Structures are given as structure tokens and as C-alpha cells.
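Scroll down for the structure; my scribbles are underneath it.
The values are calculated or read from the model by the stated rules, or taken from the named source; none is laboratory data. Keep in mind the model is a prediction, meaning the values are calculated, not measured. So basically every Cβ, Gly included, is an ideal-geometry build from the backbone, and we count neighbours across all protein chains shown. Side chains included, ligands, DNA and RNA excluded: accessible areas come from the protein's heavy atoms. Shrake-Rupley method; radii C 1.70, N 1.55, O 1.52, S 1.80 Å.
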Amino acid sequence: MNGNRTHQALLKLTATAMMTAIVFVGNYLRITMPVPIGGVTAFTLANILCALSGILLGPWYGFLASGLGSFFYDLTNPNYADEALITLFTKGMYGLIAGLVLYCLLKSVKERYGAQLAATACAAVAYMAAYSVKVYFWNGMVKGGFTEPVQCWAGVVSRLPATVTNGVIAIIFAPILGVALMKALRSAHLEKMLA
């Protein structure tokens, strides 16, 4: 009994480490471009993987995988290194919310596309809000030294097209991958890796 629990914990830890590495590498799949106010923005596929972490691993392990993978990426990129700790929580929140919605509110239908779509949509909207707050305060007031709210809002608005595009892409593709991977893991008798 205790050996089975240890084996299951080891599988979860291994899956979390693997998803952390995948999120880290997925952050390199981006198109970075300057914005007129407050630095750079990026179109990235990493949000898909952050939501997928929550879908596959559940809220807490999903938080770790999506947060740590993005955190380590930020540490390796000079454009984002100073905000790595903020990224740990905002991107971690992506996996956390996707997992919470899927495994707490929709757990009876968690393997269906609609449930995973709803979970990803909730996570994407929450992340877009948190990211906008981060841009307003961190990029606007702290890094940019802006004193007028209109300047900070201009920074948020200049990043909005990339933020919304990244969210929509995650909402479309994370559930497709989630359903396929859950089915594949069950076929391979590795369902213990799932939440």
C-alpha cells in the first residue's frame, strides 16, 4: 500500500518535471517585438503548455510546472530576467486555475473537450487580467517610472493584441492536446500520471 503511494508520487513528480521542461522550452517558441511604451511583448505558444500543465497534472502540480518552466525561461532571457519572480506566480496561476476549474468544478467530465475548453478559458482570462496588472504597475510605474495613469494604461493597451492572441491560441489548442494526451496516457496505462 505504501509502496503504491510512493510509486504514484514519483510518477507525479516525474510528470511535473517533464512538463516544467516542456514549458521552459515552449517559451522559446515566440516572436518578440518592441512596443512603443515600456519594452517588448511577444506572441508565444507557452500559454498552451501552461494550461496543459493544469489540465494534465491538476492545480498544484500544474502551478509548479507552468510557473517554474516560465520562471526558468525568464531567468535565461535578459529582456525578462528582472520579472522572473512575478512570472512564477502569474504563469503558475495559469496552470493552477486550469486545474482547479477542471478537477474541482468539472471533474465528472474532465476528459471532454468542452470541460477542458472551459478550464483553459478561465485560466486565460485570469492570466490576461493578472498580466495587465503586472504591466500597469511593474512595467509602467516601477520600470518605466511613469507617474500618470494614462501612461501606464498606454503600456497595457500596447501589449493587448499579443496578450489576447496568446490567450485565444491557448484556448483553442490546449484542450485539443489535453484530450489527446489523456487518451494516450490511459491507453498506455499511465493514468496515474494524471491528476
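Counting only residues that are out of contact with any Ser or Thr (no Cβ under 6 Å at 6 or more places or on another chain), assigned to a helix (DSSP H, G or I), open to solvent by less than 80 Å² (accessible area, probe 1.4 Å) and not aliphatic (A, V, I, L, M), how many does the range 83-115 have? Residues in the range 83-115 being out of contact with any Ser or Thr (no Cβ under 6 Å at 6 or more places or on another chain), assigned to a helix (DSSP H, G or I), open to solvent by less than 80 Å² (accessible area, probe 1.4 Å) and not aliphatic (A, V, I, L, M): 5 in total. The C-beta contact set for the range 143-156 (first residue under 14 Å from residue 131 (Cα atoms) and open to solvent by less than 30 Å² (accessible area, probe 1.4 Å), second residue of a type outside the set (Phe, Trp, Tyr) and modelled with pLDDT under 85, distance under 7 angstrom, 6+ apart or interchain) comprises 155/37; 155/38; 155/144.
For the range 50-60, a residue qualifies if it is assigned to a helix (DSSP H, G or I) and crowded, with 24+ Cβ neighbours inside 10 Å, and the qualifying residues are 50, 51, 52, 53, 54, 55, 56, 57.
Count of the range 1-49 residues, restricted to those that are surrounded by 13 or more Cβ atoms within 10 Å (Cβ to Cβ), modelled with pLDDT of 85 or more and either at positive phi or not hydrophobic (A, V, I, L, M, F, W, C) (or both), is 8. Scanning the range 8-44 for residues that are under 17 Å from residue 185 (Cβ atoms) and either in a strand (DSSP E or B) or in contact (Cβ under 8 Å) with a residue 60 or more places away in the chain (or both) yields a count of 5. Per the listing 166, 139, 79, the residue uniquely out of contact with any Pro (no Cβ under 8 Å at 6 or more places or on another chain) and not in a helix (DSSP H, G or I) is 79.
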